[in-house]
1. Which distance in nm do the two modelled labels at T318 and R60 give, with both placed 7 Å along the Cα-to-Cβ direction?
2. With +1 on the Cβ of every Lys and Arg and -1 on the Cβ of every Asp and Glu, and nothing else charged, how large is the dipole of segment 102-187 about its Cα centre, in debye rounded to the nearest 20?
3. Would you work out which of H315, P257, N287 lies farthest towards the positive end of the dipole of the chain? Charges go on Cβ: Lys and Arg +1, Asp and Glu -1.
4. Calculate how steeply helix 2-19 sits against the longest principal axis of the alpha-carbon atoms of the chain, using the helix alpha-carbon long axis, and give the answer as 0 to 90 degrees to the nearest 10.
5. Note the angle between two axes, namely the Cα long axis of helix 163-174 and the longest principal axis of the Cα atoms of the chain, as a number of degrees from 0 to 90, rounded to the nearest 10.
6. Provide the net charge surrounding W157, with neighbours chosen by a C-beta distance below 13 Å and charges set as Lys +1, Arg +1, Asp -1, Glu -1.
7. Would you compute, from DSSP H runs of 4+ residues alone, the mean residue ellipticity of the chain at 222 nm, taking -39500 (n - 2.57) per run and dividing by the full residue count, rounded to the nearest 500?
8. If R₀ is 51 angstrom, what is the calculated FRET efficiency for the pair K108 and E278, using the beta carbon separation as r and rounding to 0.05?
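Derivation of every value follows stated rules applied to the coordinates shown; laboratory data play no part. What you are looking at is a predicted structure, and each value in this text was computed from that prediction instead of being measured. Note that we place each Cβ from the backbone using ideal geometry, even for glycine, and neighbour counts take in every protein chain shown.
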Amino acid sequence: MGSYISRFVVALTGLFLVALAPPARAEVWPERTVRILVPLPPGGPTDAAARRLAEKLAERWGRAVIIENKQGADGILAVSALLGARDNHTLLFSFPGIISINPLLHEKLPYDPDRDLVPIAPVLDNFIGFAASASTGAATLSELVSIAQENPGKINWSALPGVPNYVFLALLKNAKLEATRIAYRDFSPAYQDLHEGRLQVVVAGITNLIPHREKGTAKILAVVNRERAAFAPEIPTVAEAGFPELTFDSPVGFYAPRDMAPSVVARISADVRAITAEPAFRQQLINGGVSPRNDTPEQFAAAIAAQRAKITAIHRSTVTKD
């Protein structure tokens, strides 16, 4: 697994060294409006962060920067729109599942994650948490595991697609638990079912879980991130809760098509890093329920590769039958 990560990072690092090298001559960019495609519906923390960033980029670039939501199909619609634009003025602002998870879920993709996409600038991490219905009586993740072990098959659970789902699958396998997964076409009813005790466990972004905690109908047991959320510092990490193997990075950031001009890739990367280093902008992200990131492109690529390797291992041990 380590060799896989190393090969992935080395390959992307070579690309970045070329992409970030000073151009032979200055290129006039942007020449017109820049589109940022977001594979999520309007209104969530990721969408809100993209809109704040678009405002800051428009100030720097002297051109309009617009957000276009293309949700659905695990981000495939947004990736297809990015690659189909071929105009050097379209970017993708996305979760890493378009590279780390989609190849596992879709037998045939309309794009090659390694060949067609270049991750160029991370911006944030979303906070993903375990929530237990108040009806379980669990106050910690360890207590929830004990309750599930004592009541095999009687715990109903659900998780958002992607990392949240794989995190809970890993917990089931590692703790040798039997629980019943409840699937939702639209995840909104899952929160109501958690609230009313029909679901005992939900794994999702904690911004959607906090209202139920405040009403006393659910307890947020831990976040899967490496660090606690600045806006909810009382919630422990999974490592602090005794389950370090469930720790996940899930960086959200900018992707470009592989054929975007290297000078433009370098410009975008530098400008995004400058903005995400600003204290006021970082505080805006924290207030919006996410954790700011200011990594280099190489670090972004390494985080995606690490998530991909970890998700692949979970998928092979819990989903596939080979």
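1. Reported label-point gap for T318 and R60 is 3.7 nm.
2. Dipole about the Cα centre, nearest 20: 240 debye.
3. P257
4. Value to nearest ten degrees: 30.
5. Rounded to the nearest ten degrees, it is 40.
6. Counting the neighbours of W157, the net charge comes to +1.
7. Dividing the helical sum by the residues of the chain leaves -13500 deg cm²/dmol.
8. Efficiency at R0 = 51 Å is approximately 0.75.
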